[in-house]
Amino acid sequence: MASQLFAVCFNTGRPSDLARFWSGILGWERADGTDGDVAILPPDATGFRIRFLPSREPRTGRNRAHFDLTSSSPEEQQETVARALELGASHIDVGQLPEEGHVVLADPDGNEFCVIAAGNKFLAGTGFIGALACDGTQEVGYFWSEVLRWPLVWDQDQETAIQSPDGGTKITWGGPPVAPKTGTNRLHLELTLPADADREAEIDRLLSLGATHADTGEGGRTLMLD
């Protein structure tokens, strides 16, 4: 059986603060971990967790992935922005144009996210977290489609997007030009397997698709790169 998306993980020096912020934005329940990590839990079993993992790695440049939050009306977009600012977000400039309609913010730890204007057809029906928008090539989109066995829902002009057959948040890759990687990724995906799955066979499958080992991992985890 294929790997399943369990969590989107943030490395941060402020796990509790970020969990409080994102729980306030999304309305998700908080769950404290055993190693200083904190998670917020999706409202139903089809979604993914968001985990905040303690880390002393310094921030170097912009993240290579960010959330796009959807809006059903101009008023809702304004309300989301106002709530985010009240919880500790700040406006940032990443080169966005006024006519693009989305509002670009950073959470209290500097992680970028966008609040998308109402009427965005691409994100229609996805839920409040419309997309995890990633830097990456078409090849990376194809890789993750195979890893998760999520179909491609966009494949045009070297931009790709995948979505679970059950719907929900899309994962997108913007295509070239892709900025050079600097430092450790502050965001990563955490995958899990059903209890009866063959873990070693799945690792071999990921390697055959183009993944590489990062290191041995800890606590039964295997760290890999796409």
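The values are calculated or read from the model by the stated rules, or taken from the named source; none is laboratory data. Everything quoted here is computed from the prediction, not taken from an experiment. With ideal geometry, Cβ positions are generated from the backbone for all residues, glycine too; neighbour counts draw on all protein chains shown. Side chains are part of the model used for accessible areas, which takes the heavy atoms of the whole protein and leaves out ligands, DNA and RNA. Shrake-Rupley method; radii C 1.70, N 1.55, O 1.52, S 1.80 Å.
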From the option list A214, A133, single residue qualifying as open to solvent by less than 30 Å² (accessible area, probe 1.4 Å), touching a Ser or Thr at 6+ places or on another chain (Cβ under 9 Å) and at negative phi is A133
For segment 156-167, check the following and say yes or no: at least one residue is open to solvent by 30 Å² or more (accessible area, probe 1.4 Å) and β-branched (V, I, T).
no
Could you check segment 5-74 for strands (runs of 3 or more DSSP E) lying wholly inside it with 2 or more residues that are buried (at least 17 other Cβ atoms within 10 Å of the Cβ)?
38-41, 49-54, 65-69
Return a yes/no flag: does segment 101-120 have any residue that is within 16 Å of the chain's Cα centre (by Cα), among the polar types (S, T, N, Q), farther than 17 Å from S23 by Cβ and not in a strand (DSSP E or B).
no
In segment 170-199, residue least open to solvent (accessible area, probe 1.4 Å) [restricted to those that are of a type in the set (G, A, S) and farther than 23 Å from V153 by Cα]:
A197
Across segment 109-126, what is the total count of residues that are aromatic (F, W, Y) and under 26 Å from P15 (Cα atoms)?
1
